[in-house]
1. Please go through (1) more than 21 Å from Ser158 (Cβ to Cβ); (2) within 20 Å of the chain's Cα centre (by Cα); (3) among the β-branched types (Val, Ile, Thr) for Val70 and return the number of the only condition it doesn't satisfy.
2. In region 83-107, what count of residues is obtained for those that are out of contact with any helix residue (DSSP H, G or I) (no Cβ under 7 Å at 6 or more places or on another chain), closer than 24 Å to Met322 by Cβ and at pLDDT 95 or above?
3. Any chance you could count how many residues in region 278-321 are surrounded by 19 or more Cβ atoms within 10 Å (Cβ to Cβ) and of a type in the set (Asp, Glu)?
4. Please verify whether Met325 is modelled with pLDDT of 95 or more and more than 30 Å from Ser69 (Cβ to Cβ), treating the condition exactly as stated.
5. Does Met60 fit the bill of being crowded, with 18+ Cβ neighbours inside 10 Å, modelled with pLDDT under 95 and in contact with a strand residue (DSSP E or B) (Cβ under 8 Å, 6 or more places away or on another chain)?
6. Determine if region 231-249 includes at least one residue that is over 24 Å from Thr275 (Cβ atoms) and touching a strand residue (DSSP E or B) at 6+ places or on another chain (Cβ under 7 Å).
7. Scan region 116-129 and report the pairs whose first residue is at negative phi and whose second residue is of a type in the set (S, T, N, Q) and buried (at least 16 other Cβ atoms within 10 Å of the Cβ), with Cβ atoms within less than 6 Å and a gap of 6+ or a chain change.
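The values are calculated or read from the model by the stated rules, or taken from the named source; none is laboratory data. This one's a predicted model, so the numbers in the text were calculated from it and none came from an experiment. FYI the Cβ positions are ideal-geometry reconstructions off the backbone, even for glycines, and counts take in every protein chain you see.
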Amino acid sequence: MKKLFSIFVLSMTLFLLVGCKDNQGEFPEINENKEVEMTAEEVTTLLSAVNMETEVEDAMMLSINIDMSVVSETTDMWTSSKVSDTSVDLLLTSTTYMYMNDDIAEVKMLSENDIDLSVITNYVDEATEDEDDHLKGSFNAYFTDQYLYYNADLETSSEVVENGKYKLNFGVTQEMWDEVFTSPEDIVDDYLDVGIDLETAIDDSEMIGVMLDADMLKVYQSGGETTVLIDITKQGILEHANDLLDVMYDTSGWTEADYQEYKMNDFEMQLDMFTELELQVAFVLKDDQMTKMGYQFNISGETEDMSIDLTGTMVFDMFVDMPKMPSDLEDYELTEFPLEMFFNSYM
């Protein structure tokens, strides 16, 4: 279990290396009274005019709030008898400011994270000891002048990282940075990958048209800002499956049986496990620039051997002011940290 927690913390650190005004960190506020009518072509033109390269030249803030609960059952592959139940509960609150650049000397990151993670496994065989592992507390990280610092205050069932204030005993070189980083835009692009091809969808006027007709996409305007809201639910997908299939495939010669077959394979089978599925994606635009992008999700589902409940938000705020680093970084104690996991070819 120690290895599991170690991987989690190290993965978080890697994410931070690459992963206040009013309403910063909050999902964009939607005022239904400000909804405006637009054609599919107008929405496509609006979105295609956004200049992403400008947004990432300034500091960004990524805010994450996640509440997740997973219960899974393990069975013996030969007898199909139950071996154990495992429950995983996670509460994560994270605020990360980052200024990304091709030049590693210019890169800065400041991240504050609170985590409450528990993993409990109960075995059917009483001879096998049950497991109860937890990780709770704060893990803050800072990156400046090519060095990573962290301040950990974690309660754990097994030590995964030493508590206190530490500085890695070697810096990240330009060559190492070039290996893991290509451009600031990639950070935002990674968060567009949410299981559906949103990037393609917002470039396709036909798909935009279907989403507008199905109320999956709405546009709001107020005070010089435009908010584009994509609201995807299980019910909405199934109710408009045929319209979506018309955009996804050449259906000119299809029969009703063809629609039923593709609806089942492309949508019903994929969505069957979910009792609740809602994903909202909002883009806030001003002067042909994206100033905020947010995800809001509510997912519940179950299979024969697993159930999951997941709610939360992930919000990018652009054009933010980079906070000052802690004033005592020079007092942080030097420590070894297995960065070779990230930069094997240079160690």
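1. Condition (1) is where Val70 drops out.
2. Result for region 83-107: 5.
3. The number of residues fulfilling the criteria is 1.
4. Yes, satisfied.
5. yes
6. No, region 231-249 contains no residue that is over 24 Å from Thr275 (Cβ atoms) and touching a strand residue (DSSP E or B) at 6+ places or on another chain (Cβ under 7 Å).
7. Within 6 Å, the pairs are Thr121/Ser84; Thr121/Thr86; Tyr123/Ser84.
Let's see how each residue does on (1) over 26 Å from Phe143 (Cα atoms); (2) modelled with pLDDT of 95 or more; (3) basic (Lys, Arg):
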position: Lys263; (1), (2), (3): yes, yes, yes
position: Val281; (1), (2), (3): yes, no, no
position: Asp287; (1), (2), (3): yes, no, no
position: Ser300; (1), (2), (3): yes, yes, no
position: Thr303; (1), (2), (3): yes, no, no
position: Met306; (1), (2), (3): yes, no, no
position: Gly312; (1), (2), (3): yes, yes, no
